[in-house]
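Heads up: the structure comes next, in C-alpha cells.
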Amino acid sequence: MNLAKAYEPNQYEPNIYALWEQSGAFRPSGKGEPFSVVMPPPNANGNLHIGHALDMNLKDITVRYKRMNGFDTVFIPGADHAGFETWVVYEKELNKKGQSRFDFSREQLYSQVWDFVEKARGNMELQLRALGTSASWEDLVFTLDEKVITTVYGTFKKLWDDGLIYRGERIVNYSTKYQTSYSDIEVDHKLEKGTLWHIAYPLIDKIGEIVIATTRPETLFGDVAVAVHPEDERYKDFIGSHVVLPISGREIPVIADEYVDRDFGTGAVKITPAHDPNDFEVGKRHNLDRLQVIDFDGTMINTPDQFIGLDVAEARKKVLASLKAEEYLRKEEDYEHTVGYDYKSGLPIQPLIKEQWFLKIEPLAKRALKAINNGELSFYPPSKQHVLRQYLENVHDWNLSRQIPWGIPIPAFQNEADPDDWIFDERVDEKTLKIDGKTYHREEDTFDTWFSSGQWPFIVTDYLDGGELARFYPTSLMETGTDLVDRWIARMIMLGLYATDKVPFKDVYLHGMVLDENSQKMSKSKGNVINPMDSVAEYGSDALRLGLIASRSPGQHQAFSTDRIIAGRNFCNKLWNIARFAEHKLGDNYQPKTPQPQSLADHWIIGELDNAKQAIDRAIDKYRFAEAGDSMYHAIWDGVADWYIEAAKDQDNLDLLAWVLNTSLKLAHPFAPFVTETIWQTLPWNDGLLINESWPEVINYDEIAAGEFGRVQQLVAEARFVAISLPGNEKYSLLYQQDSLIEDNKDLIQRLAKLKSIEAVDQARGLRLAVSGREAWLDVSADTLDEHKTNLEQRLVETHADIKALEGRLSNENYVAKAPEKLVNESREQLKEKQALVERLEQELAVL
RNA sequence: GGGCGCUUAGCUCAGCUGGCUAGAGCAUCUCGUUUACACCGAGAGGGUCGGGGGUUCGAAUCCCUCAGCGCCCACCA
C-alpha cells in the first residue's frame, strides 16, 4: 500500500464515517458498564456554528474514549424543533410572501413549518457527521416526536394533578414584534441612559399638586393611582384624596404603600398595574383596576383620540409635548436604568398582562438544590455549581405558555360557560370537546421549548417506559455551554428529579464560548462568524477538533485560533508520515507476532507510551481535554516521531514498530478519529475498525534500559548543542573510551548528532562533552577549542549557582524536617550530580 | 445591587488538590535540501507569573488588599 506524501483529509473522511456508521459501531454494545451522553439537540433548521463543533468534539472524545475502554456506550443524538427560533425564521419567509400567521389556522401553520424543518433537517445531521460525531443515529429523537409529546404530557399531567400548574393573569414579558410572551431569561436587560420625567398631578380636593417621577410617561393613561410611602411626611395629608391625570382628566386616588421608596425621585409614584410588574402587585393589594393602554401589537389603546394607534415611542414624544404645552412637566433628569429588550428582535419588551400557564417552581427548585448540596452532581468547573445554586434560590414561577403555533400544544381545554374551568385533555387535534354536555375550547398556546428540553435525558432514554435505552438513565455526562446553566441545566435537574426521582446526569461539564480570533463574541451582525464546515473543508475534521480543544479549559471563553487548527492539521500529517515510514519498513507482507522490546529505544518508547496513556486516563477522568490532547500530541510527535522512528531506522524490531504504530493510533483516535482510522484501514495486518479497538494495553519493559536510552538522548543533545555553538559548520568526530552505551548505539548517535564518525580511542583529545557525563570528546582543533572555553566557564558559573541554591535548601533545618522525604532525597541527588558536573567541567578547563 | 471569572513569554492560552532550572501552539532568530514528513528536522532567545501584604521550610498555585478587564443574574418608578 502506498500512501500519498501528505494526508488529504477530504479524500478519506466521508468514506471513513460511512464505514463506521454502516458497521454499527455507534450503537451501544450491550456489554460493560453503561456510559451515556445526550446531545443538546441542535436546531433542526439551522447550520452548526463553531460552538456546536466544540460541544460535539468534547463529547465525542469522551464517548470514543469510553467506548474503547469497554463501556456500553451511547451518544444519543437529537434535533430540536427550536420553537421560537424556527418560528422567527419561518415567519420571515411568510412575510416575504406577504402573508402572516393570522392567515392560517394552527394546523395549517404547524404542518407548513414541519415541512420547512423536514427539508432543512438533513443538513444539520450531515454537518454532525462531518465533525466525526459518533452518535447512535437510530436513536435520534426529534423534539416533536410522538414519544416526546407523550412524555411531556405525562409530566404536565403529573404537575397538574399535584397542583403545581396554575393559570394566571400576570405581567409577562411580551414581544410585540413576535406576539408571544417570553420567559425571564429570554429578556436581555440593558443598562442605558434615559430620562426621569417629573410630572405634576394636580390635587382635586386640596390645593396643590403631587409630582411623580417616571421613565415611561406614555403609560400615564393607564394610571389608576398615585402611591406614596405611608410614613412620608410630605404626602401624609394627601393619602385618600384624589388627583387628576394630566391630559386625560381622569381622577385617581392617592394611596399609601410600603413599596414606595421615599428617597427615589419625588417619593410619589404613578401606579399602572397593566404595564409594570411592581404596579401590578400594588394594584392587587389595593384592588385597583387594570387599564391596558398598550395593545399586544405595541400600539396605544384606551387613550385620548390623538394617541390611539401610535407606537410606544411616538406616543411618548407626543405625551411629553402635551405635558410641556399644558405645563405639567416639572423636571427632566438624566437617569441610568435597565430596560428589557427582546433578545431576538432587539426591540423593547413590553410588560403586559396576559393569561398564562405557570408552573410553581419552588418545590422543584428546592429538591434540585438539595440534590446539588448533597453532592449528587459534579460540576466542571466547580464554580458553576454556585451559579446554578444561586439561580435556583431565586427562581420565579415559570411561564410555560408561548403564543406561537409551532410547538407542543398545551393539552388543556376551557369550559365555554365557565372561563375558570379548565380540564387536562390530550386530544389537542380537536378544537372543541363536548364532555357531560359541556363544551370545552382548546387552548391555543404551546409549551415553552425548554419545558420539553428540560425533560430530554429521560425522554431520549425512554426511561419512564423502560425502553431499550433505559439502562442509560441517569446519563453519565451532560456537556453544554455555560450560557445554558439556567435555561437548560437547571430545568433538567428540576424536571428530572420530579419525574424520575433521580438526577438526570452525574457530571456536568460546561464549556465557554468560542470567540472570534480577536476575542470578540461571534455574531451574524458583526460578520465574524466562523463556519466549522469551512474549517473542515480547509484543514480537515481532525484538525478542527485538535485545534478547538487545545489549551481550552472548562467554563472559560476563548478565542478561535487558526494557528491551532493548523497545528492540528500538521499533527495529522505527522501521524500519516509515521505510518508511511512504518509501512515502508514493514512491507506489505508483514505478519505480526508478539512484540518484544530489544533495543534501549524499544524499552524507552514503551515507557513513553505508557506514561502518555496514564496521563490521558487521568486527564479524561477529570474532563481535562486540553491536557489529554497535549499528552497524546507530545508522546507521538516528540516520542514516537522524533526519537523512536529515528532509532527504528537502525534496527529491525518490526513487531515492536508495528505495535508502536498501533498503540499511537489508538491513543490518538479519540482526538483525531478520521486520520487514525484511515491509517488503520491501510494497515494490512489489522482487521476490523479502530473505533472498536480497546484502549491500549502496555507491554512490559525494562525501566533501566529505558533510562539508558535517556542517556543516549542526553549525549546526542550535548553533542548537538556543542557542535552548533562552535564556529563554522564543521562536522566532528566523536571519540570515546570504553563506553558500551556509545558503542552499542553508534549508528544512532552518529546520525542524530550529525557526526562524521564515532571512534574508540585510548588517548582522549579535543573537547570533552562534560555535561553528558560520558567519557566522550569531540575531535576539534586547538583553535576551536579555545573558542569554546568561555562557553564552559559560563556553564561552570551557572552550575555553581545551582549548587549554592541546593545547599541553601538542604541546610535549612525546616526544609529537611518538614518537606516530604522524597523531595529532600531528590535535592540531595541533584546536589551530588551538580558537584560531579563541576568536577568534570573543571577538569576540562584545566586541559585547555 | 448581588454573583462569577480573568490579568503568566511578542500573540492566544495551559499550569489539578502549594514542591525539581514556570510550559504549549504560533511568531522571532540561527543552522540544516539526513531516502516518513518543509504540513519537516536540529537549536536559540524571550516571563520580577497585574501591584502590595500575609500564611508556609517552600506560592504562579492558598488568604487579604488594591488596580484594570470581562461575563452572568436582578420587577425599584
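Taking a point 7 Å out from the Cα of A:LEU689 in the direction of its Cβ, the residues of the stretch A:32-71 whose backbone N falls within less than 16 Å of it are A:60-61, A:63-71. Computed extension gain for A:LYS5 through A:GLN292, at 0.36 nm per residue and net of the alpha carbon distance, reaches 95.9 nm. Residue ranges A:348-357, A:213-222, A:684-693 sort as A:213-222, A:348-357, A:684-693 when ordered by packing (mean number of other C-beta atoms within 10 Å per residue, highest first).
Taking a ≥ b ≥ c as the square roots of the eigenvalues of the Cα gyration tensor, an a/c ratio of 1.5 or more together with a/b larger than b/c marks the stretch A:482-568 as prolate. Tilt of helix A:703-725 relative to the longest C-alpha principal axis of chain A, in degrees (0 to 90, nearest 10)? It works out to around 90 degrees. Per residue, the average separation of C-alpha pairs within less than 8 Å and at least 6 apart gives the stretch A:530-609 a relative contact order of 24 percent. When the square roots of the Cα gyration tensor eigenvalues are ordered a ≥ b ≥ c, the ratio a/c for the stretch A:596-696 is 1.5 or more and a/b does not exceed b/c, which makes its shape oblate.
Its Cα gyration tensor gives the stretch A:20-62 an equivalent ellipsoid; the semi-axes, largest first and in whole Å, are 24, 13, 10.
Net charge in the neighbourhood of A:ALA619 (other residues with Cβ under 9 Å of its Cβ; Lys, Arg +1, Asp, Glu -1) is -1.
Kirkwood radius, the stretch A:561-634, all distinct C-alpha pairs, inverse of mean reciprocal distance: 14.7 Å.
With each label modelled as a point 7 angstrom along the Cα→C-beta vector, the A:LYS506-A:VAL824 pair spans 4.1 nm. Where only DSSP H runs of four or more residues are counted, chain A gives -13500 deg cm²/dmol as its mean residue ellipticity at 222 nm, each run worth -39500 (n - 2.57).
Sorting A:130-143, A:464-477 by their mean Cβ neighbour count within 10 Å, with the most densely packed peptide first, gives A:130-143, A:464-477.
Rounded to 0.05, the FRET efficiency of the A:GLU793 and A:ASP762 pair, given R0 = 35 Å and the Cβ-Cβ distance, is 0.75.
Can you list the aspartates and glutamates whose alpha carbon is less than 13 Å from that of A:LYS370, not counting same-chain residues fewer than 8 positions off? A:LYS370 reaches A:GLU362, A:GLU393, A:ASP501.
In chain A, Cα pairs under 8 Å separated by at least six residues give a relative contact order of 12 percent. Per-residue packing, averaged as other Cβ atoms within 10 Å, sorts the ranges A:287-298, A:515-526, A:332-343, A:371-382 into the order A:287-298, A:371-382, A:332-343, A:515-526, beginning with the highest.
The Cα atoms of chain A give a gyration tensor whose axes a ≥ b ≥ c have a/c of 1.5 or more with a/b greater than b/c, which makes the shape prolate. Relative to the longest principal axis of the Cα atoms of chain A, the long axis of helix A:50-68 makes an angle of roughly 50 degrees. Label positions at A:ASN577 and A:ASN518, each projected 7 Å from the Cα along the C-beta direction, are separated by 3.5 nm. Helix A:277-286 axis versus longest C-alpha principal axis of chain A: approximately 40°, rounded to the nearest ten.
Rule-based calculations on the coordinates, nothing more; no lab input. Being a predicted model, the structure only gives us computed values, none of them experimental. Methodologically, a virtual Cβ is constructed for each residue, glycine included, from the backbone with ideal geometry; neighbour enumeration extends over all protein chains shown.
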